[in-house]
Structure formats: structure tokens, C-alpha cells
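*Asks:* Submitted below is the structure of interest, expressed as C-alpha cells.
The values are calculated or read from the model by the stated rules, or taken from the named source; none is laboratory data. Fair warning: this is a prediction, and the values are worked out from it, not measured in the lab. Here the Cβ is made from the backbone with ideal geometry for all residues, glycine too, and neighbour counts use every protein chain on show.
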Amino acid sequence: MGFKPKHTDYTLSPYTGLTRESWLEACEYLLEGVFTNIKSKEDPVVMPRMEEDITYPHKSAKGNDRVLEERAEYFEGLARSFFIAAPMITENKDTVIAGFHLRDYYKAQILRACTKEDPNYVGTYDELVSLCGKDNPYRAYQQTVETCALVICLWSSKKEIWDTYTKEEKDRIAAFLQGYAHGNTVPQNWRLFNMLDMAFLHSEGYEIDPDIMRDHAQNILNYYAGDGWYRDGHSFDYYSCWAFNVYAPIWNVLYGYEQEPYIAAKFEEYSNKLMDTYPDFFDRDGFTNMWGRSNIYRNAATSPLDANFLLKHPNADPGLARRISSGSLLQFLTREDFLFKGIPTIGFYGMFSPLVQGYSCAESPFWLGKAFLCLHFPANHPFWTAKEKNGTWDTLQKDEVKETILNGPALAFTNHEANGETILRTGKVVKNVNDEHGMWNYSKLTYNTKYPWEAAPCKSIEAQQYVLKNQSDEFYEKCNVTFWHGSHNGVLYRRQFFRYELSKEMHWMQAVSLADFPVAYGILRVDKMRFFKRPATLTLGSYGFPDQGTQIIRKEKSNAKAIIVKGHDFTGREKQMAMTVYDGFESIELIHSTGTNPDSENSIILYGSASWEKQYGYEPYILISQVITKESLEDFTEEEIFPIQKIEYTDKETCGGYGPVRIVLCDGEERLIDFEGFEGNLQL
């Protein structure tokens, strides 16, 4: 049964009804699931597994590797569930959940995790190095991640737990933390885990190495790419938000403002810069988009909105921040398929294996508990007392689209008044040629808050991706690298390469130059193929459409073909999607699929097909298409399905070999698509 709040206030919170009391009820809802799976107060937070082939502890792990993974799972369950338990303990230190006294359980389990010879001991950093051998001095351990969650929660529940330990117990925990604080880490967001460990130790009077702290902090600054976003490894994703823009403000409070004022001021500046546009990353209902890795963390994506209020001079709007946070909370917790045996599934909604990474375990989804850091603020804080606002969505006129272009992280997102959806288009993506999961997470042409990305229904078709097949090849080529060019005159330009291999000469790769722009209900594409090998065939898929029983309608107008599908998603919400293909495409069809959609067991993908028959020679290269969606069954108008009044090519004979393409829409708007010259400004 999905979460249903008992306390609501639609005067204070006109969009969601949720209050601080509602959020505490959500904590209780999640913790009830946790503790119904724990038999006694001696047992660790190890939850039932819904999946055993991808997540750890891995079946193949033996000997010391098995010990490492089991210890990591113990600690991950403890530390991440603590994100949710800490606010409950702070609110009422005598809280009892499913027969467990919450404060006593976590106080004891934290100490046991740091106590050698205890069955729930998770190992010091030096012990893990010894277990693994010292042949790889750069190896990092999952425990480093979880120590950061631990110290954040010890800080937020300081009076109720940390201050009640004896000096010997505090020293034991601090000694355990020291190794992870100063030990090897990963050169990306992981540096913040070490920084928070050291910051907590410093705040409690323990000695740390300020040079190691400073080195980590200056490196974090160097990952900054602009517009409030940090590059994490090579990628841009929610780690920029739920790691960099959550941990940095906490670090400022514990250490930075006092010890490193220049760096702290930069972290504050960058957090505030994110607040300028980040609220528009969410849709009218506050939904979080399924994008990037670690989607099992779900509404943790809202955590930088409340973390901003930890800063000396926050820029976030409290009414808007709470509205988005509450909307995203309801997006997930109210779903009937959200829980498995009382705990969040390894998925986005229900269980969904295609998005799962091998570094996760059954307890990993509790990272979403970072969204509950807002409960660190007392009841009289503006985050809780301000009336809910809906930001951009309160100001858009009928059928208006607001577009945000961020060149630093290569993100373009559009807020569509007509359907309340937010659509994300990304760039600066590099994935291994065989990394299918990475392509789904990062390389889709668009990501939609109401249509989470779909895995491949077959080798030749992908949702929101091009798939190319050369007749001489035995494999289908997919785009694993995306270069960013930017927006000009209302058109976003990018370049995608098919089967881009970093170790080979790349100038003559198969590629597609992307040009797209928003319309009221979606995105219209005017793309251009770049060939080295032909003959070839190509497909382009729509979003995956949840198939709970779907009405299918076909239409044609002049040289355009369209398919419209109408139905409902898993929750019963009305859904409608239309795909239209114009020049370049020969046909449009649909495919039924099972097990590839995170919202529905069965799904449908619409797709256009194109082919080029000549091995050499001049052929049409432009591919024009559109995908639009609506959160109702009310018919699209004829002009919405077939929005183009006229297409004018510089190359009139063969449609798009060279020169600009002028698109005249039925509403009189025009777009000029011109690929010439953008070769000199392709960015990764």
C-alpha cells in the first residue's frame, strides 16, 4: 500500500498538502518497513533482496572479497537508513518503530560497527587494505561512502546520540573514522566523503590533517563546470546535486566557513547559482526525471534545495523548495509498487533491473533519505512556514514553453505548460561502446519526467535513440558519445557518434548531427546523418509508452505519417503520445515490449525507419520527426500532430545535402536549421 499522509494542510501547501508533520509520517512509513525485517535489536540493517544477479554481495565473491562485501552491506544499511531515522530521533528521542526503540538501536549499532570482534563490525580502513593486499594502493572502499552518511546523521542528531556516548566510546568511533577520513578515495564526488569525515572530527576536537582537507577541497572546486553544476568523473548527473551541492554546504557549516573561508564562499556561490535554474529541472507536479546513474536514489535529487538553506546567504525560495521536495516525495512513496517487503525496490518505481549498477545492494535505495535532511530545520524555519509556490509553472501562459540552456554542464531543459512535463536534453557524454546501461542513463536524445527511459525492446530499436545497421556489419550501432554545440536562434545543436571507440581514429565515424527545438507538447527534430559506410538502415524510437491496454490510431497528411497511442500508466493516470515522421523516414511502426519500461510491465515504442541504398553517392540526409505527449485522453489537434506547414531546403532536389533548412510551422513560427560551421565548436 502506498504512503498516505494523515496530516495535510492545503492552505499552507496548496499543491501537495504536505507539512513537516507529513514528512515525519513518511519517515515512519519507511522505517516501519525497515524494522519489520529486523528480528532482534542485535541484528544489523540487512534487508530482503529482490535481485541477486547484479547487486552485491555478489554470488561470485569468495573469501576476503565476500567478507568485504558483507561488511559493506552491514554499514550501508546502517548509515543510509540513519538518514531517515535521525530526524525521527531528533524529533522524539523515545520514538519506537515496530517494537524497536529507535535511538537505542542506532546508538548501539553505530558503536558495534566500530568495535572489533563484534559480529556487526564493518572493519577499519587499514584492516580492509590488509584484507585486499597492498598491491593496489589506490583501491577505495564502500565504507568511505557510508562514513559520510554516518557523520552527517551524528551531526544532525548530536544531542540525542553523539553527546550521550562516553569519552571512550566517542574515541572508539573517532579512531574508526580517522582511517577513512585520511585514506585513499576516488577522484570525483568521493573526495567530499573524506572532507565530511574530517570536518566532523575537527568539530568534535579531534586532530585532522588540514593539508589533506585542503587538497580535497581545492580539487572539488576544480570539478566545477558552471551554472551550479560539477563534473563527476567524466559525467554530469544528479551526483552534482545530491553529493556536491549537499555535502559542500554541510562542510561549510562544520569546517569551511571557519577554516577555509575562500573555498566556503565558492561553495556557497555555486550552490546559489544552482538555485537560479534547478527548480525548473522538475515538472509541474515536482516529479524527478529518470536520468543518469543511481536512479534508485530517486527523490534524493531534491536534497540540494534544502541544503542551500544551511548556507549563510541562501538563494533558494523556501515555498518553492518545499513544493518540489514534497512533489517528488509523493511521486515515489505513493506508488503501490514502490516497496518490496516494506523497503524501496531496486528500481525507479517498482523493481527494474536495467537501471541497476553492481555497486548497489538491497539497502542502497535509502540514499533517498538525504531528501529528509530538510527535517533538520525546526518547525518555525521558512522551509516549513512559507506557503508553497510553483515557480515557473505559476507564470507560464497557455501552451508556453520555457527553455533553459546551461552550456557548462551541457544541459537543456524545457518546461511545457501544455502538459506540465519537463524535458531534458543532454550533451558532453562519453560512454564505452559496449556500455548499454550507460547509454540508457546518459545518451537518450531526451529525458521526460512523465516518461522514464525505456531499455531496448530489441537490438534494432531503442526509445529516444537512433540505431544504425550497416548491411555489411553483424551488429547494430548505437550512439555512445554526444558532443555539445549549444543553442542558436531557438535550436539546440549536438552531435552523436555511433560506436565511437576511443582507441581508434575517429574522424570518419558514422554520426548524426542533432538539431531540435521545443513545441507545446514536446520536441521537434531536424537531424542530419553523416555517413562513412552504406548501404544502411536506421530507426528512431519514441518514448516508451505504458501499455495497460492501449488505443492505437494511425494518420497521414501529405508526406507525413503519425501514430497516436492512448492509455493509462501503472497508477491509472491518463496518457497520450504521438510520433510523426516527415522527410527522411520511409515508415512509422510500433513494437510491443515486456520488462523494459520502469513504469509498466508491458509497453509500446513507436519508431520511424529510414534506409540508404547506395554505397556511394548523393542522397537525402535530413531526418524530420516529432514526439509529443499529453497527460489526458483529449485528442491532439491536427496541427499539433502535423505541426509543419512548409519545409524549404537550400538543396531543393535531394532534400538536405547542404545548406540551411527552413521550417515553417502551422502557427506561423519559423526555425532555420544550419549545421554549417558548428564543427569548430563541438564540446565534451
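*Asks:* Here are some residues: Thr124, Thr144, Thr95. Which one is without any contact (Cβ under 8 Å) to a residue 60 or more places away in the chain and within 26 Å of Asn252 (Cβ to Cβ)?
*Replies:* Thr144
*Asks:* What's the total number of residues in the range 378-423 that are aliphatic (A, V, I, L, M) and under 27 Å from Asp9 (Cβ atoms)?
*Replies:* Matching residues across the range 378-423 total 3.
*Asks:* Within the range 369-405, how many residues are touching a strand residue (DSSP E or B) at 6+ places or on another chain (Cβ under 8 Å) and surrounded by fewer than 22 Cβ atoms within 10 Å (Cβ to Cβ)?
*Replies:* Adding up the residues that qualify gives 7.
*Asks:* Somewhere in the range 648-662, is a residue under 20 Å from Ala562 (Cα atoms), surrounded by 13 or more Cβ atoms within 10 Å (Cβ to Cβ) and in contact (Cβ under 8 Å) with a residue 60 or more places away in the chain?
*Replies:* no
*Asks:* Return yes or no: is Lys398 charged (D, E, K, R), under 22 Å from Tyr521 (Cα atoms) and free of Cβ contacts under 8 Å to residues at least 24 places away in the same chain?
*Replies:* yes
*Asks:* Next question. Name every residue in the range 207-225 that is in contact with a Phe, Trp or Tyr (Cβ under 9 Å, 6 or more places away or on another chain) and surrounded by fewer than 17 Cβ atoms within 10 Å (Cβ to Cβ), in order of residue number.
*Replies:* Passing the criteria: only Leu221.
*Asks:* Tell me, yes or no, whether the range 131-140 has at least one residue that is in a helix (DSSP H, G or I), of a type in the set (A, V, I, L, M, F, W, C) and crowded, with 18+ Cβ neighbours inside 10 Å.
*Replies:* The answer is no, given that none of the residues of the range 131-140 is in a helix (DSSP H, G or I), of a type in the set (A, V, I, L, M, F, W, C) and crowded, with 18+ Cβ neighbours inside 10 Å.
*Asks:* Given the options Ile324, Ile296, name the one that is within 27 Å of Leu78 (Cβ to Cβ) and either part of a helix (DSSP H, G or I) or among the β-branched types (Val, Ile, Thr) (or both).
*Replies:* When all the criteria are applied, what remains is Ile296.
*Asks:* Could you tell me whether any residue of the range 443-458 is crowded, with 24+ Cβ neighbours inside 10 Å, of a type in the set (A, V, I, L, M) and on the phi > 0 side of the Ramachandran plot?
*Replies:* The answer is no; no qualifying residue exists.
*Asks:* Please verify whether Phe475 is touching a strand residue (DSSP E or B) at 6+ places or on another chain (Cβ under 9 Å), of a type in the set (Phe, Trp, Tyr), more than 22 Å from Ser353 (Cβ to Cβ) and assigned to a strand (DSSP E or B), treating the condition exactly as stated.
*Replies:* no
*Asks:* Same structure, new question: Which condition number does Tyr255 fail, the rest of (1) within 26 Å of Gly205 (Cα to Cα); (2) surrounded by fewer than 22 Cβ atoms within 10 Å (Cβ to Cβ) being met?
*Replies:* Tyr255 satisfies every listed condition except (2).
*Asks:* Tell me, which residue of the range 576-595 that is under 16 Å from Gln464 (Cβ atoms) and surrounded by 24 or more Cβ atoms within 10 Å (Cβ to Cβ) is nearest to the chain's Cα centre (by Cα)?
*Replies:* This residue is Met577.
*Asks:* Can you tell me which of (1) under 31 Å from the mean Cα position of the chain (by Cα); (2) under 15 Å from Ile523 (Cα atoms) is the one Glu634 doesn't meet?
*Replies:* Failing condition for Glu634: (2).
*Asks:* Taking the range 456-472 on its own, how many of its residues are in a strand (DSSP E or B) and closer than 21 Å to Arg425 by Cα?
*Replies:* Qualifying residue count, the range 456-472: 5.
*Asks:* Between Phe497, Phe532, Phe483, which is of a type in the set (A, V, I, L, M, F, W, C), within 24 Å of the chain's Cα centre (by Cα) and modelled with pLDDT under 95?
*Replies:* Result of the check over Phe497, Phe532, Phe483: Phe497.
*Asks:* Let me ask something else about it. Of everything in the range 406-427 that's among the small types (Gly, Ala, Ser) and closer than 19 Å to Phe636 by Cα, which residue is surrounded by the fewest Cβ atoms within 10 Å (Cβ to Cβ)?
*Replies:* Gly420
*Asks:* Next question. Considering only strands (runs of 3 or more DSSP E) fully contained in the range 582-684, which possess at least 2 residues that are under 30 Å from Met351 (Cβ atoms)?
*Replies:* Passing ranges, in order: 587-594, 602-612, 622-630.
*Asks:* Return the pairs, sorted by first residue and then second, in which the second residue is of a type in the set (A, V, I, L, M) and surrounded by fewer than 22 Cβ atoms within 10 Å (Cβ to Cβ), the first residue lies in the range 238-263 and is farther than 17 Å from Trp155 by Cβ, the beta carbons are less than 7 Å apart, and the residues are 6+ apart or on different chains.
*Replies:* Within 7 Å, the pairs are Ile263/Leu221.
*Asks:* Testing Leu502 on (1) within 31 Å of the chain's Cα centre (by Cα); (2) surrounded by fewer than 21 Cβ atoms within 10 Å (Cβ to Cβ); (3) part of a strand (DSSP E or B); (4) of a type outside the set (Ser, Thr, Tyr), one condition comes back false. Which one is that?
*Replies:* Condition not satisfied by Leu502: (3).
*Asks:* Then there is this: Which residue is surrounded by the most Cβ atoms within 10 Å (Cβ to Cβ), if the candidates are limited to the range 29-68 and must be over 25 Å from the mean Cα position of the chain (by Cα) and assigned to a helix (DSSP H, G or I)?
*Replies:* The residue in question is Leu68.
*Asks:* Against the definition (assigned by TED's automatic domain parsing to the domain that holds Leu254, assigned to a helix (DSSP H, G or I) and closer than 22 Å to Asn136 by Cβ), how does Ala181 come out, yes or no?
*Replies:* For Ala181, the condition - assigned by TED's automatic domain parsing to the domain that holds Leu254, assigned to a helix (DSSP H, G or I) and closer than 22 Å to Asn136 by Cβ - is met.
*Asks:* Now for a different question. With the requirement that a residue be farther than 16 Å from Asp527 by Cβ and surrounded by 13 or more Cβ atoms within 10 Å (Cβ to Cβ), what does the range 668-684 give you?
*Replies:* Correct list: Glu669, Glu670, Gln683.
*Asks:* Restricting attention to the range 1-18, which residues are surrounded by fewer than 20 Cβ atoms within 10 Å (Cβ to Cβ) and either more than 24 Å from the chain's Cα centre (by Cα) or under 22 Å from Thr385 (Cα atoms) (or both)?
*Replies:* Of everything in the range 1-18, those that are surrounded by fewer than 20 Cβ atoms within 10 Å (Cβ to Cβ) and either more than 24 Å from the chain's Cα centre (by Cα) or under 22 Å from Thr385 (Cα atoms) (or both) turn out to be Met1, Lys4, Lys6, His7, Thr8, Asp9, Tyr10, Thr11, Leu12, Pro14, Gly17.
Residues checked against (1) more than 19 Å from Arg20 (Cα to Cα); (2) not hydrophobic (A, V, I, L, M, F, W, C):
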| residue | (1), (2) |
| --- | --- |
| Ile263 | yes, no |
| Gly286 | no, yes |
| Ser294 | yes, yes |
| Lys312 | yes, yes |
| Ser328 | no, yes |
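*Asks:* Would you pick out the residues in the range 505-515 that are under 24 Å from the mean Cα position of the chain (by Cα) and surrounded by fewer than 22 Cβ atoms within 10 Å (Cβ to Cβ)?
*Replies:* The answer is none; no residue qualifies.
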